[in-house]
Amino acid sequence: MKTPSLFLLSAACLCAAVAGNSTLESSRDSVPPAKKEKPAKINEENGVLVLKKSNFDQALRQHKYLLVDFHAPLSGDSQSLSREFTAAAARLKSQGSRIRLGLIDVSKEKDLANELNVTAYPALWFYISGDKENPVICPVLRTATSIVTWLERRTGRSAELIKDRSQAEEFFKLGDVVVLGFFQDLEEGAVKTFYEAAVDIPDLPFGVTKNKSLFSKYKVRKDRDTVVLFKQSEVLKEYEVSSETLKESLIKFLRVHEMDLVTEYNGETSVKIFGSLVTNHILLFANKSAEDFRDLHGTFEAVAAEFRGEVLFIFVDTDESRNGRIFEYFRVRDVDAPAVRIVNLTDNVQYQMQAEEVTVDNVRKFCGDFIDGKAKPKLESEPIPENWDKHPVKELVAVNFDRVVFNDERNVFVMFYAPWSKECQELFPVWEKLGKVYGHHETVVIARIDSAANDVHSVLQERHPAFKFFPAVLAEKVVPYAGKRTLEDFVQFVEDQIELAKEQRAKEEEDTRKMAEPENSEGNQREEL
């Protein structure tokens, strides 16, 4: 009788347990699930995401395509880019694009910039599918159009498909210079390199075709893959390509030949000039309205053809006031024109052509010497010569110039010369004789300085040769000489200036004495009291 009771008790317990579990599960089901918090919305300014360390990862998760501008507020380049960046964001938004643009203020987000290993500003980095570790480094593009074009080519087709002649004619209207690739296959082989190059050159329209009638119309070989530069619908230059062609080689070809043999420097061309893959630049400073300008330009253009790809030839109009900054950088004035300079953008070292006349032979030799490493850099100052003051004519350089000439105990007469100037060379013997005349004079120094190799900031110079007298007075004074260039005339000028300097020095000392007298009188009165 005990067994059934025990069985019934166990069964009851089991039912109770099951009921209890059922009740517990029921109670769990009745509790609503916890809600996931939505990420805070990323702030925008003029359609550009304001990115910070706290929201950067979130932005990568939310946007498949994200171009980030690392912005330094105090940088002029960053400020210029920021304006174009904002315009590009507005254009993409109006097109309904999935591409978003974001800006990181590196002055406020230093930790984030360090974490991402960004060291130069401004910088444009393109993040795809949230890949934080492998962004695509975008060239620092200078216009909204080029930014949008670069992004569109990076995320879609990089070249427009040209199917027939009418479409080709419309394509040529897209720009003064356009690139059209003629390929046998538009999916495989050399065309891949063409597409890659198109991505990295967003400022030029790119088209591609395999239409044989277009091959015939533009006289392109039908059995070859060829990239053609067109300028104003006319063939400018052809470049045959193959599966072995490097993207970098194709880009250099396009960048070198898209520009004229001689490019005039202005606001529109400056972007291409400074962005050129050719870092050796030769500049002709000349007045565009001068009678001999056409000849000068023709001379420059003739040599440009010989050095294309090695040296970029640039013309700067000295009659254009907006070119003031480049005149200042190269220390070129109206009176110096025509003048020729070379600069390498890698080290910014300047070179001045060692010739007075702009001729084909002189420009060719200048370029050749530069390429061969024989050209003499234009320095702030040459080293002080070992025996600079041991001869009748003292040899000055920039670093000792002010100390010697602005000496209130010495009258210093200086010849400013260029070593290649024939006129200067003819006057060297006369200047040596003048030095001997005053070789033992107590207060007169005869000197000369190669002003083509030394930048003298304290004195404005005329064309070579120039002569200036620095009298032995307390005030810094410069007296230019404009007389005849004979020994007798130089001597007479010096003697006259010596007497004038004595008179001025006496007046300066008298003025100094009078200024001190009230103080002395006041001091004497105090002593008497």
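The values are calculated or read from the model by the stated rules, or taken from the named source; none is laboratory data. Since the structure is predicted, the reported quantities are computational estimates derived from the model, not experimental observations. Every residue, glycine as well, gets a Cβ built from its backbone with ideal geometry; the counts of neighbours run over all protein chains shown. Heavy atoms of the whole protein, side chains included, go into the accessibility calculation; ligands, DNA and RNA do not. Shrake-Rupley method; radii C 1.70, N 1.55, O 1.52, S 1.80 Å.
Only aspartates and glutamates eight or more places from LYS132 in sequence, or on another chain, were considered; those with a Cα closer than 12 Å are ASP57, GLU115. Excluding same-chain neighbours fewer than eight residues apart, the lysines reachable from LYS514 by a Cα-Cα span under 20 Å are LYS502.
Protein heavy-atom accessible surface, 1.4 Å probe, per residue over segment 372-471: 50 Å². Helix 247-257 axis versus longest C-alpha principal axis of the chain: approximately 40°, rounded to the nearest ten. Share of antiparallel DSSP beta bridges in segment 128-248, in percent to the nearest 5? Expressed as a percentage, antiparallel bridges in segment 128-248 total about 70. Residues whose amide H falls under 5 Å from that of THR263, counting only those 5 or more places apart or on a different chain, are PHE313, ILE314, PHE315, with hydrogens built in the peptide plane. The order of TYR329, TYR218 by accessible area, most exposed first and with a 1.4 Å probe, is TYR329, TYR218. In this view, the solvent-accessible surface of PHE313, computed with a 1.4 Å probe and all protein chains in place, comes to about 0 Å². Residues whose amide H lies under 5 Å from that of ASP225, counting only those 5 or more places away or on a different chain, are VAL241; hydrogens are built 1.01 Å from N in the peptide plane.
For the chain, averaging the sequence separation of C-alpha pairs within contact (under 8 Å, six or more residues apart) and dividing by the residue count gives a relative contact order of 7 percent. 3J(HN,Hα) along segment 308-313: 4, x, 9, 9, 8, 9 Hz, from the Karplus curve 6.51 cos²θ - 1.76 cosθ + 1.60 with θ = phi - 60°, whole Hz, x for Gly and Pro. Taking the DSSP bridge list for the chain and keeping only pairs wholly inside it, about 55 percent are antiparallel. Would you indicate which of (1) -0.42, -0.94; (2) -0.28, -0.65; (3) -0.53, -0.89 is the value of log10 I(q)/I(0) by the Debye sum over Cα atoms at q = 0.06, 0.09 Å⁻¹ derived from the coordinates of this structure? Among (1) -0.42, -0.94; (2) -0.28, -0.65; (3) -0.53, -0.89, the one calculated here is (3). On the principal axes of its alpha carbon atoms, segment 98-254 extends 59, 31, 27 Å, with the longest extent given first. The relative contact order of segment 150-205 comes to 52 percent, based on Cα pairs under 8 Å that sit 6 or more residues apart. The lysines whose alpha-carbon is closer than 27 Å to the alpha-carbon of LYS231, local same-chain residues fewer than 8 away aside, are LYS163, LYS173, LYS192, LYS210, LYS212, LYS217, LYS219, LYS222, LYS247, LYS252, LYS272, LYS288. The phi torsions of segment 224-238, fed into the Karplus equation with coefficients 6.51, -1.76 and 1.60 and a -60° offset, translate into couplings of 10, 8, 9, 9, 10, 8, 10, 10, 6, 6, 9, 5, 9, 7, 10 Hz, rounded to whole numbers, with Gly and Pro shown as x.
Excluding ligands, DNA and RNA, the accessible surface per residue across segment 54-204 is 48 Å² with a 1.4 Å probe. Each other residue within a Cβ distance under 14 Å of ASP57 adds +1 if Lys or Arg and -1 if Asp or Glu, for a net charge of -1.
Using the average count of surrounding beta-carbon atoms within 10 Å as a protection proxy, the listed peptides 254-267, 472-485 rank, highest first, as 254-267, 472-485. Of TYR65, TYR121, the order by accessible heavy-atom surface (1.4 Å probe, DNA, RNA and ligands excluded), from most exposed downward, is TYR121, TYR65.
Ranked by solvent-accessible area (1.4 Å probe, protein heavy atoms only, all chains present), the residues MET353, MET515 order from largest to smallest as MET515, MET353.
Near LYS422: Cβ cut-off under 12 Å, other residues only, Lys/Arg at +1 and Asp/Glu at -1. The net charge is -4.
Only Cα pairs under 8 Å and 6+ residues apart enter the sum, and on that basis the relative contact order of segment 38-190 stands at 25 percent. Close amide H pairs (under 5 Å, H built 1.01 Å from N) link VAL445 with ASN411, VAL412, PHE413, residues at least 5 positions away or on another chain. The angle between the Cα long axis of helix 76-94 and the longest principal axis of the Cα atoms of the chain comes to about 30 degrees, rounded to the nearest 10. Scalar couplings 3J(HN,Hα) for segment 181-197, obtained by applying the Karplus form with A = 6.51, B = -1.76, C = 1.60 to θ = phi - 60°, are x, 9, 10, 6, 10, 9, 10, 10, x, 4, 4, 4, 5, 4, 4, 5, 5 Hz; x denotes Gly and Pro.
Rounded to the nearest 10 square angstrom, THR443 shows an accessible area of 50 square angstrom against a 1.4 Å probe.
Taking every protein chain into account, the 1.4 Å probe leaves SER451 with about 10 Å² of accessible area, to the nearest ten.
The residues neighbouring VAL393, those whose beta-carbon lies less than 14 Å from its own, together hold a net charge of +1 under the Lys/Arg +1, Asp/Glu -1 convention.
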